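K.L.:
Shown below is the structure under consideration.
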Amino acid sequence: MADLSIDFCGIKSPNPFWLASAPPANSGEQVMRAFDAGWGGAVWKTLGDPIMNVSSRFAAVDLGTYKMMGLNNIELITDRPLSVNLKEIYEVKKRYPKNVVIASLMTETRDDWRVLIKKCEDAGADGLELNFGCPHGMCERGMGSSVGQEPKLLTEITSWTKEFAKTPVLVKLTPNTGDIVEAGQAAVAGGCDGISLINTIKSIIGIDLDAMVPYPKVGKQSTNGGYCGPAVKPIALHMVAALARDAQAGKVPISGIGGVSNWRDAAEFIALGSTSVQVCTAVMHYGYRIVEDMIDGLSEFLDAKGMKSVSELRGKAVGAYEEWGDLDLGHKIVAKIDKDKCIGCQLCVTACHDGAHQCIFTGAEDRDRPPQAHHPGKAKAPTPLPLGKHAGDRVPWVDEPECVGCNLCQLVCPVSGCISMEEVPGGKRETWNDRVREGRDKLPGGIHEG
Amino acid sequence: MNDLVSLLKKDRLETQLPDKKPLYGEGEAKAEAERCLYCVDAPCVKACPTEIDIPTFIKKIASGNVRGAARTIFEQNLLGYSCARVCPVEVLCAGDCVYNAWGREPIQIGRLQRFATEAALQPGQKMLFPPKPKNGRKVAAVGAGPASLAFCGHLAAEGFAATMYERYAVPGGLNTWGIAPYKLLASDSLAEIEWVGKMGVDYRMGVEIGKDVTGQKLLDEYEAVFIGVGLGEDSKLGVPGEDGPGVVGAVEWIRQMKLEKPASEKLGRVIVVGGGNTAIDVARECALLGAEDVAMVYRRSKADMSGYAHELEAGRKEGVRLVENAVPVAVVRDAAGKITALRVAKGASGKAVPGTEHDLPCDLVALAIGQSKLCEIAKQFPGVELDDKGRIVADPKTGQTGNPKVYAGGDCINGGKEVVNAVADGRNAARHLLAKKG
């Protein structure tokens, strides 16, 4: 079984799975149950001066029958006294010395930071996470994402904390910014030991059209919240990768956050450079128990790939994340439809015709290509027409010369493995940046022609 | 015992039956797994005699961790593959799926379990449970059916030397030669036994305890003995004309169909006597094999039948007729002794009403009215007792009998239940023994 333990800027964790600073890490009782279930660490619900919360606080987007694809919240930081939280942190660390407890912090003045950091470290926290990400409520008070959005402020406050902290300092970044790399560099410039990202995305999740009030409703009002859950994973993956491949921001370890629901999501974050991952929404949906499959599944995956440790996976996909201009224009793939897996829904046909490049057809006759086709003549129907096991003569066929290999048909196909994209060998490698270098970057039909 | 499947003839009548619940493809399995709500304190788990953590294994299929799913299953039930295919999920796990309450189709738990476990059983797969170092402890099982397999497999995985003594030439008991082939073929059962065997289970085939080896010898040689002998011969009607060709016990007929009869065998008009699940199995098998006519004759009404309603319903769609309230009184034969009909009388509360006799023409009568108990085995082990129905008395939680060294489980203690009940018994006995100091 592969070694899942990690060393995150000196913080040792039995596995890369940490609870994110959020309701599941609100109290000692919860965190201890999470550690019993197998979580390697927890970032405590953000500490600071206790706040008052509103009712209600959460709202979600469902996708078909899948509930909570995206979750929005307007809950603030901890509403419990600091002394109580600190006592619980002390108790948890005493009982679970091998598990990681990181104190998430949010406050204002330099002196506030000094005092808060000292108290948390005295309580036994393994590290500190500066919450520069919360996009609702706290930012109106000059904290949270209002810091993360201002690189100079971000650097300055980070450098304060580094003066006071004996334990590693992680900066948690907000995605609500124009360029995440600028924010990451600012955090590193302030001397942080690690970066956590992403915090939630500023959002309005939906509207009660009868009451004409956005969700989540607080009586007849609402406010923008922070969006998270499976829906935000692609945004988070990009931001993690953008930092991982940046020479300056990529110097410190990354704790990846955003829609991690299972081992596969975690493996993706790690492959893009994360050392640990943090989870909230999936735990809010299904409970601490999900970590069992995260550990089991990641371990099985590493074994299957011949990797002895999770650290071998870290950053494995970063190198393949390149600029568009460096992609191979000569690489070509076309869609192939497995006639016996096809169930005849023909969603690929309409997707290709209306949403892509008009190269999937049905029926036994040759078909007219669209006027904008790249090749002359008709699309040739295959002979004999493919007869599918389930779909009979409803199996569509691909006009391969016209197929641009966009993947759309495969994406809409409900049957896994029915449409595959196969490489057409023989393309000559060439990139847009090659063409620019060689002065061949002007294509016919430009703005000044005709 | 690495190539048990080669013990079987290739040309077997059972191979003529279709697989009623074929293996899911990856896409199908994932789509179905995604449908599972991942309930907490799930009713499906409570309905499983081996308490498999069903939502967890399904969630693992959804996440793509299929090996992990198999491990979750096998940890609780080493025969999780055959149970996936054999279990009456309609009245167990899937029957309690919360979707039923909502009027929606329950999760296809059996098919998902097959998807996960069949992948793990493929040749070349790494062992899910690498055998632990030998602990020097030795156990034996009498009979090599599901209960004994679970007992020995679970203990072998923990480092015990486990040996099964089986009077027949092939192991597996009813799992190998008693299951409807559209659920599980004999070859599938043996493939699973080969897999369990890799844990380090040893087999002594063709050895009958009490005849070839005494119970005392086992008690002398082993720390504990597990009795998993199942049931005995098919019961008889006790009516005139019963003895002779054309009348066969149901379990015996299934065994012949699965192991001996050639694929070319043709069936004429068949009458199956009985109202339990074995009766329905035989009737469905005959109908699916193309018998000219298949009738189930039951002495009481449909509502009194012990067979599952969903099985009977499936059988009727396949062409099985049900003759209710009919009590067999004689088997009618021609001068040459060939069977021509089953004579029945109208049944009133299961008793024949005199003067209502009539003949149901047929070429074969299969008797599915129960099996005898193998009472003799108890005499081999001092302290092991039988109840008034001939069942071995064992603690329902631990399987321990009146002799603390002797455990028992499966049909020989419950009189005939599901494979999964037998597996639970074997596993529970193994866990009880494990908890004892070596």
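K.L.:
Working from the alpha-carbon coordinates of chain A, get Rg over Rh, Rh being the Kirkwood radius. Don't skip to the answer; put the middle values down first.
P.N.:
Working: Rg = 25.8 Å, Rh = 24.6 Å.
Rg divided by Rh gives 1.05.
K.L.:
What value, in deg cm²/dmol to 500, does the helix sum -39500 (n - 2.57) over DSSP H runs of n ≥ 4 give at 222 nm once divided by the residues of chain B?
P.N.:
Working: 17 runs with 150 residues, N = 438.
After summing the helix terms and dividing by the residues of chain B, the value is -9500 deg cm²/dmol.
K.L.:
With +1 on each Lys and Arg Cβ and -1 on each Asp and Glu Cβ, and nothing else charged, work out how big the dipole of chain A is about its Cα centre, in Debye to the nearest 20. Show your work: numbers first, answer last.
P.N.:
Numbers: 48 positive and 56 negative charges, 121 e Å.
That gives a dipole near 580 debye.
K.L.:
If you don't mind, there's one more thing I want to ask. Counting only C-alpha contacts under 8 Å and six or more residues apart, can you give the relative contact order of the stretch B:4-120 as a whole percent?
P.N.:
Relative contact order comes out at 30 percent.
K.L.:
How large is the charge dipole for the stretch B:4-120, taken about the Cα centre, if only the Cβ atoms of Lys, Arg (+1) and Asp, Glu (-1) carry charge, to the nearest 20 debye?
P.N.:
Values: 16 positive and 15 negative charges, 59 e Å.
In total the dipole reaches around 280 debye.
K.L.:
From the Cα gyration tensor of the stretch A:174-309, with a ≥ b ≥ c the square roots of its eigenvalues, which class applies: rounded if a/c is under 1.5, or else prolate if a/b is larger than b/c, or else oblate?
P.N.:
Values: a/c = 2.91, a/b = 1.35, b/c = 2.16.
Oblate shape, in that a/c is at least 1.5 and b/c is the bigger or equal ratio.
K.L.:
Taking the DSSP beta bridges in the protein assembly as shown as the whole, what percent of them are antiparallel, to the nearest 5? Numbers along the way, then the final one.
P.N.:
On the way: 42 of 106 bridges.
Expressed as a percentage, antiparallel bridges in the protein assembly as shown total about 40.
K.L.:
Ok, one more. To one decimal place, what Kirkwood hydrodynamic radius in Å is obtained for the stretch A:235-343 from all pairs of distinct Cα atoms? List each step's numbers first, then the result.
P.N.:
Details: mean 1/r = 0.0628 Å⁻¹.
Taking every pair of different Cα atoms in the stretch A:235-343, averaging 1/r and inverting gives 15.9 Å.
K.L.:
Place a +1 charge on the Cβ of each Lys and Arg in the stretch A:20-87 and a -1 charge on the Cβ of each Asp and Glu, then give the dipole magnitude about the Cα centre in debye, rounded to the nearest 20. It would help to have the intermediate numbers written out before the result.
P.N.:
On the way: 6 positive and 6 negative charges, 11 e Å.
The calculation lands at about 60 debye.
K.L.:
When DSSP assigns beta bridges and you keep just the ones with both residues in chain A, what percent turn out antiparallel, to the nearest 5?
P.N.:
Details: 26 of 56 bridges.
Antiparallel bridges: around 45 percent, rounded to the nearest 5.
K.L.:
Check cross-link reach from A:LYS233 to the aspartates and glutamates: straight Cα distance under 16 Å, and skip same-chain residues fewer than eight apart.
P.N.:
Excluding near neighbours in sequence, the set is A:ASP62, A:ASP265, A:GLU268.
K.L.:
How much of the calculated P(r) for the stretch A:279-318 lies past 14 Å, in percent of all Cα pairs? Could the numbers behind the result be given before it?
P.N.:
Values: 438 of 780 pairs.
Summing the P(r) of the stretch A:279-318 above 14 Å gives 56 percent of all pairs.
K.L.:
I've got another one for you. Within the stretch A:1-88, list the trypsin sites (Lys or Arg not before Pro) lying in a DSSP loop whose Cβ has at most 16 other Cβ atoms in a 10 Å radius. Before the final figure, lay out the partial values.
P.N.:
Values: sites: A:LYS12, A:ARG33, A:LYS45, A:ARG57, A:LYS67, A:LYS87; in loops: A:ARG57.
The qualifying sites are A:ARG57.
K.L.:
Then there's this: Output the peptides B:234-245, A:252-263, B:36-47 sorted from most to least packed, where packing is the average of other Cβ atoms within 10 Å over each peptide's residues. Kindly include the intermediate steps, with their values, before the conclusion.
P.N.:
On the way: B:234-245: 14.2, A:252-263: 27.2, B:36-47: 16.4.
The densest-packed peptide leads the list: A:252-263, B:36-47, B:234-245.
K.L.:
Among rounded, prolate and oblate, which fits the stretch B:247-367 when a ≥ b ≥ c are the square roots of the eigenvalues of its C-alpha gyration tensor, a/c under 1.5 means rounded, and a/b larger than b/c means prolate?
P.N.:
Values: a/c = 2.00, a/b = 1.16, b/c = 1.72.
Judged from the Cα gyration tensor, the stretch B:247-367 comes out oblate (a/c at least 1.5, b/c at or above a/b).
K.L.:
Further question on the same structure: Expressed as a whole percentage, what fraction of the accessible surface of the protein assembly as shown belongs to carbon and sulfur atoms when a 1.4 Å probe is rolled over the protein heavy atoms? Display every interim value, and only then the final one.
P.N.:
Numbers: 20540 of 39020 Å².
It is 53 percent, rounded to a whole number.
K.L.:
For Cα pairs less than 8 Å apart in space and 6+ apart in sequence, what is the mean separation divided by the residue count of chain B, i.e. the relative contact order in percent? Please list the in-between numbers first.
P.N.:
Details: 955 pairs, mean separation 75.8, N = 438.
Taking the mean separation of contacting Cα pairs over the length of chain B, I get 17 percent.
K.L.:
In Å², rounded to the nearest 100, what is the total accessible surface buried by chains A and B against each other with a 1.4 Å probe?
P.N.:
Chain pair A/B: roughly 1200 Å² of buried accessible area.
K.L.:
Taking just the alpha carbons, could you work out the radius of gyration and Dmax for the protein assembly as shown, both in angstroms?
P.N.:
Cα only, the protein assembly as shown: 34.0, 112 Å (Rg, Dmax).
K.L.:
Now a separate question. Given the pairs B:LYS60/B:LYS417; A:LYS87/A:LYS166; A:LYS87/A:LYS172; A:LYS98/B:LYS46; A:LYS316/B:LYS60, which are separated by over 26 angstrom at their Cα positions?
P.N.:
Working: B:LYS60/B:LYS417 30 Å; A:LYS87/A:LYS166 19 Å; A:LYS87/A:LYS172 24 Å; A:LYS98/B:LYS46 34 Å; A:LYS316/B:LYS60 24 Å.
Over 26 Å Cα-Cα: B:LYS60/B:LYS417; A:LYS98/B:LYS46.
K.L.:
May I ask for the Kirkwood hydrodynamic radius of chain B, worked out over all distinct Cα pairs and given in angstroms to one decimal?
P.N.:
Working: mean 1/r = 0.0440 Å⁻¹.
Averaging 1/r across every pair of different Cα atoms and inverting gives 22.7 Å.
K.L.:
May I ask you to list the lysines whose Cα is less than 23 Å away from that of A:LYS332, ignoring any residue fewer than eight positions away on the same chain?
P.N.:
A:LYS378, A:LYS380, A:LYS428, A:LYS442
K.L.:
What net charge do the residues around A:LYS87 carry, taking every other residue with its C-beta under 15 Å from that of A:LYS87, with Lys and Arg at +1 and Asp and Glu at -1?
P.N.:
It works out to a net charge of +1.
K.L.:
Here's something else I'd like to know. Enter the angle in degrees (range 0 to 90, nearest 10) between the Cα long axis of helix B:419-435 and the first principal axis of the Cα atoms of chain B, meaning the one along which they spread out most.
P.N.:
Relative to chain B, helix B:419-435 is tipped by roughly 30 degrees.
K.L.:
Calculate I(q)/I(0) for the stretch B:4-120 by the Debye formula, one identical point scatterer on each C-alpha and no solvent, and give its log10 at q = 0.13, 0.23 Å⁻¹ to two decimals.
P.N.:
For the stretch B:4-120 at q = 0.13, 0.23 Å⁻¹, log10 I(q)/I(0) is -0.50, -1.33.
K.L.:
Select from B:PRO49, B:LEU92, B:TYR24 the residue farthest towards the positive end of the dipole of the stretch B:4-120; place +1 on Cβ of Lys and Arg, -1 on Cβ of Asp and Glu, and compute about the Cα centre.
P.N.:
The residue sitting farthest along the positive end of the dipole is B:TYR24.
K.L.:
What does the charge count near B:CYS97 come to, summing +1 for each Lys or Arg and -1 for each Asp or Glu among other residues with Cβ under 11 Å from its Cβ?
P.N.:
So the environment of B:CYS97 carries a net charge of -1.
K.L.:
Filter the cross-link list B:LYS379/B:LYS436; B:LYS134/B:LYS198; B:LYS258/B:LYS351 down to pairs whose alpha-carbon distance in this structure exceeds 23 Å. The partial results should precede the final answer.
P.N.:
On the way: B:LYS379/B:LYS436 26 Å; B:LYS134/B:LYS198 14 Å; B:LYS258/B:LYS351 34 Å.
From the list (B:LYS379/B:LYS436; B:LYS134/B:LYS198; B:LYS258/B:LYS351), the Cα-Cα distance tops 23 Å for B:LYS379/B:LYS436; B:LYS258/B:LYS351.
K.L.:
Where in the stretch B:147-229 are there trypsin sites (Lys or Arg not before Pro) that are in a DSSP coil and have at most 11 other Cβ atoms within 10 angstrom of their Cβ? Mind dumping the intermediate values first?
P.N.:
Working: sites: B:ARG167, B:LYS183, B:LYS198, B:ARG204, B:LYS211, B:LYS217; in loops: B:ARG167, B:LYS183, B:LYS198, B:LYS211.
When the trypsin sites (Lys or Arg not before Pro) of the stretch B:147-229 are filtered for loop state and at most 11 Cβ neighbours within 10 Å, B:LYS211 remain.
K.L.:
Where in chain A lies the longest segment free of GluC sites (Glu not before Pro) that are both loop residues by DSSP (not H, G, I, E, B) and have at most 15 other Cβ atoms within 10 Å? Please list the in-between numbers first.
P.N.:
On the way: sites that count: A:GLU108, A:GLU322, A:GLU323, A:GLU365, A:GLU430, A:GLU438, A:GLU449.
So the longest stretch without any such site is A:109-321.
K.L.:
Same structure, new question: Output the 0 to 90 degree angle, nearest 10, between the alpha-carbon long axis of helix B:109-121 and the longest principal axis computed from the alpha carbons of chain B.
P.N.:
For helix B:109-121, the angle is close to 60 degrees.
K.L.:
Write down the percent of antiparallel bridges among all DSSP beta bridges whose residues are both part of chain B, to the nearest 5.
P.N.:
Numbers: 16 of 50 bridges.
Around 30 percent antiparallel, to the nearest 5.
K.L.:
Helix hunt in chain A: which complete DSSP H runs extend at least 15 Å axially by C-alpha with mean Kyte-Doolittle at least -1.0? Walk me through the numbers before you get to the answer.
P.N.:
Values: long enough: A:82-95 (20 Å, -0.59); A:110-123 (20 Å, -1.06); A:151-164 (20 Å, -0.38); A:233-244 (16 Å, 1.39); A:291-304 (19 Å, 0.29).
In chain A, the long hydrophobic H runs are A:82-95, A:151-164, A:233-244, A:291-304.
K.L.:
Now for a different question. With the convex hull built on the Cα atoms of the stretch B:349-403, state its orientation-averaged projected area in nm². Write out the running numbers ahead of the final one.
P.N.:
Numbers: hull surface 29.2 nm².
Across all orientations, the stretch B:349-403 yields a mean hull projection of 7.3 nm².
K.L.:
Okay, next question. May I ask for the Kirkwood hydrodynamic radius of the stretch B:101-207, worked out over all distinct Cα pairs and given in angstroms to one decimal?
P.N.:
15.1
K.L.:
Also, I was wondering about something else. To the nearest Å, what is the center-to-center distance of the stretch A:240-289 and the stretch B:13-67, using C-alpha atoms only?
P.N.:
29
K.L.:
Further question: How about the stretch B:1-64: which GluC sites (Glu not before Pro) there are in a DSSP loop, with at most 15 other Cβ atoms within 10 Å of their Cβ? Write out the running numbers ahead of the final one.
P.N.:
On the way: sites: B:GLU14, B:GLU26, B:GLU28, B:GLU32, B:GLU34, B:GLU51; in loops: B:GLU51.
Those satisfying the criteria are B:GLU51.
The values are calculated or read from the model by the stated rules, or taken from the named source; none is laboratory data. Owing to the predicted nature of the structure, the values given are computational and were not obtained by experimental measurement. For neighbour counting, all protein chains shown are included, and Cβ atoms are generated from backbone atoms with ideal geometry for every residue, glycine included. Quick note on the areas: whole protein, heavy atoms, side chains included, nothing else; ligands and nucleic acids left out. Shrake-Rupley method; radii C 1.70, N 1.55, O 1.52, S 1.80 Å.
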